[in-house]
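The values are calculated or read from the model by the stated rules, or taken from the named source; none is laboratory data. What you are looking at is a predicted structure, and each value in this text was computed from that prediction instead of being measured. Virtual Cβ from ideal backbone geometry, glycine too; neighbours counted across all protein chains shown. The accessibility values were calculated without ligands, DNA or RNA, using every heavy atom of the protein model including side chains. Shrake-Rupley method; radii C 1.70, N 1.55, O 1.52, S 1.80 Å.
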Amino acid sequence: AQSVAQPEDQVNVAEGNPLTVKCTYSVSGNPYLFWYVQYPNRGLQFLLKYITGDNLVKGSYGFEAEFNKSQTSFHLKKPSALVSDSALYFCAVSAFNAGNNRKLIWGLGTSLAVNP
Amino acid sequence: DAGITQSPRHKVTETGTPVTLRCHQTENHRYMYWYRQDPGHGLRLIHYSYGVKDTDKGEVSDGYSVSRSKTEDFLLTLESATSSQTSVYFCAIRKAGEGDTQYFGPGTRLTVL
């Protein structure tokens, strides 16, 4: 079955330190990979995506993610965390379903807490 | 901002009553989606639409129906609300040419008593 895993429910990091939020996936074919962020009581906001090309993708708010095909991972990173980065982060993968249509498969989310 | 609004933003209703949630977009996108978000379950797709009067089921469609009579509006109806449908509901659109990227509305928090 196709799936996306975010192995950590919560990540804690000190302000100014680098942060990593992990995502691994299990899909067939060539997936499209996404990260979204959700601030409290808000909708999800698109951060970045990988479709093809350079494995390192840069997105909004200084975030980047690295696609690793051999490890089937797409970890989200930021060199220096801010308190304002505290939020819920979702990884998603686009893959073909049984009807040969692409659909997004979502991870369960990782809560990031950046401590001042 | 993908020009998506949802109404109402909050609703409390009683078990057994019908409820309709509205998603409105201003940019003429073809694909629209309804999700529900629950703790421990992440986002789950309820229904989606790929054009006017063209809809299909997602993974948790039981107890829900949708309609899309015009491009800008995608309605989600809970035919007879149950407490298990207490959730936050999000509408999303997909922009053509952006490789499956979805953009989300602000959400509707629904409580079924």
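Some points to look at:
- Scanning segment B:72-106 for residues that are without any contact (Cβ under 8 Å) to a residue 60 or more places away in the chain, open to solvent by 40 Å² or more (accessible area, probe 1.4 Å) and part of a loop (DSSP other than H, G, I, E, B), we see that the one that is farthest from A:Ile51 (Cα to Cα) is B:Thr86.
- Any hit, segment A:63-75, residues being within 26 Å of B:Glu59 (Cβ to Cβ), assigned to a loop (DSSP other than H, G, I, E, B) and of a type outside the set (Gly, Ala, Ser): yes
- Here A:Phe63 meets the list (1) under 24 Å from B:Met32 (Cβ atoms); (2) open to solvent by less than 10 Å² (accessible area, probe 1.4 Å) almost entirely, failing just condition (1).
- For segment A:42-81, a residue qualifies if it is aliphatic (A, V, I, L, M) and closer than 26 Å to B:Gly107 by Cα, and the qualifying residues are A:Leu44, A:Leu47, A:Leu48, A:Leu76.
- Answer residue from segment B:1-24, given it is open to solvent by less than 20 Å² (accessible area, probe 1.4 Å) and away from every other protein chain (no Cβ under 13 Å) and is farthest from A:Leu47 (Cα to Cα) among those: B:Thr13
- Members of segment B:29-51 that are over 24 Å from A:Asn41 (Cα atoms) and open to solvent by 60 Å² or more (accessible area, probe 1.4 Å): B:Arg30, B:Tyr50
- Residues in segment A:1-24 that are over 11 Å from the mean Cα position of the chain (by Cα) and in a strand (DSSP E or B): A:Ser3, A:Gln10, A:Val11, A:Asn12, A:Val13, A:Ala14, A:Leu19.
- Residues of segment B:56-71 that are within 14 Å of chain A (Cβ to nearest Cβ) and either touching a residue at least 12 places away in the same chain (Cβ under 8 Å) or not charged (D, E, K, R) (or both): B:Gly58, B:Glu59, B:Val60, B:Ser61.
- Residue list for segment B:12-67, filter: polar (S, T, N, Q), assigned to a loop (DSSP other than H, G, I, E, B) and under 26 Å from A:Trp35 (Cα atoms): B:Thr26, B:Asn28, B:Ser61
- Leading residue by the ranking (surrounded by the most Cβ atoms within 10 Å (Cβ to Cβ)) among those in segment A:25-41 that are among the hydrophobic types (A, V, I, L, M, F, W, C) and not in a loop (DSSP other than H, G, I, E, B): A:Phe34
- Residue among A:Lys49, A:Lys78 that alone is more than 13 Å from chain B (Cβ to nearest Cβ) and of a type in the set (Lys, Arg): A:Lys78
- Candidates B:Gly105, B:Gly42 - the one that is within 9 Å of chain A (Cβ to nearest Cβ), of a type in the set (Gly, Ala, Ser) and within 23 Å of A:Ala95 (Cβ to Cβ): B:Gly42
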